[in-house]
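*Asks:* After the structure tokens below, expect a handful of questions from me.
The values are calculated or read from the model by the stated rules, or taken from the named source; none is laboratory data. Note that the structure is a prediction, hence the values are computed from the model and not measured. Because the Cβ atoms are built from the backbone with ideal geometry, glycine has one as well, and the counts that use them run over all protein chains shown. All accessible areas refer to the heavy atoms of the entire protein, side chains included, with ligands and DNA or RNA removed. Shrake-Rupley method; radii C 1.70, N 1.55, O 1.52, S 1.80 Å.
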Amino acid sequence: MTTYAFTLAGAQLTALPSGALYWPQENLLAVSDLHLGKAERRARLGDATLPPYETRDTLSRLEFALRATGASTVVCLGDSFDDPDAAHALPEEDRLWIKTLQAGRRWVWIEGNHDPGPMDLGGTHLAELPLAPLTFRHIARSGASGEVSGHYHPKAQLSLKGRTISRPAFLIDSDRVILPAFGTYTGGLRSSDAALSTLMRTEALAVLTGHSTHVIPMPR
């Protein structure tokens with residue numbers, strides 16, 4: 001497994017191939033846009049159904065990241081659930097799994113646009129988390145610095161051995177890092193989209209995730 005280490009506002013951070021971000025000094029793991037319960041929400045709304053396994057797959061990958069890093073603090077950067085009802089509809093075994101992952105750790109749920117209110121799942125619910133020199137929030141703010149956010153589900157393309165691959169990606173510049181979506185059933189927004197290309201500095205990098213990380217200039 002290869003990772004990508006970088007510095008943001010003086011904090012030494014590591015982008016993991018899974019799409020999680022690790023801050024060794026604080027022993028903190030950040031993930032964004034889990035969208036747990038997406039299959040349940042689609043079925044509830046009468047949309048085309050999805051195999052109902054995404055919550056367990058997402059939690060399994062999160063558990064692996066926690067074991068690999070030994071993180072004592074977890075920050076979920078919003079849209080952890082596909083909507084508030086999806087959180088309440090989680091099967092009991094999945095709720096117990098989350099509580100098991102929370103045991104012995106500080107766990108922070110950051111407010112997202114899909115899950116704007118507190119969830120009855122333990123941990124702390126915050127609009128954002130300032131933890132100097134960084135601030136953790138769901139949606140990036142123009143003009144902010146030292147910012148860790150999610151929301152956009154960024155992805156980027158890479159030409160490799162004669163073929164083009166597209167992967168969820170971290171976007172990193174001197175002001176911020178935007179995390180890729182960690183959830184199994186999440187789409188992505190190309191880094192060339194105006195919402196991202198106008199937000200990120202010219203020198204921004206894209207760190208593609210997968211079995212290992214690949215670092216390229218952010219495609220625009």
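*Asks:* Suppose the Debye formula is applied to equal point scatterers at every Cα of the range 159-214; what is log10 I(q)/I(0) at q = 0.17, 0.27 Å⁻¹?
*Replies:* For the range 159-214 at q = 0.17, 0.27 Å⁻¹, log10 I(q)/I(0) is -0.59, -1.24.
*Asks:* May I ask which residue of Ala127, Cys76, Pro180 lies farthest towards the positive end of the charge dipole of the chain, with charges of +1 (Lys, Arg) and -1 (Asp, Glu) on Cβ and the Cα centre as origin?
*Replies:* So the residue we want is Pro180.
*Asks:* Here's a follow-up. Report, in degrees rounded to the nearest 10, the 0 to 90 angle that the Cα long axis of helix 92-102 makes with the longest principal axis of the chain.
*Replies:* 50 degrees
*Asks:* Nothing charged except the Cβ atoms of Lys and Arg (+1) and of Asp and Glu (-1): what's the magnitude of the dipole of the chain about its Cα centre? Round to the nearest 20 debye.
*Replies:* Dipole of the chain, to the nearest 20 debye: 700 debye.
*Asks:* Specify the angular offset, from 0 to 90 degrees and rounded to the nearest 10, of the alpha carbon long axis of helix 54-69 from the longest principal axis of the alpha carbons in the chain.
*Replies:* Result, in degrees: 60.
*Asks:* When Lys and Arg each count +1 and Asp and Glu each count -1, what net charge do the other residues less than 14 Å away from Asp193, Cβ to Cβ, add up to?
*Replies:* +3
*Asks:* Quick one: order Phe64, Phe81 from most to least accessible surface, probe 1.4 Å.
*Replies:* Descending accessible area places them as Phe64, Phe81.
*Asks:* Starting from the coordinates of the alpha-carbon atoms of the chain, obtain the Kirkwood hydrodynamic radius over all distinct pairs and give the value in Å to one decimal. Before the final figure, lay out the partial values.
*Replies:* Details: mean 1/r = 0.0575 Å⁻¹.
Kirkwood radius, the chain: 17.4 Å.
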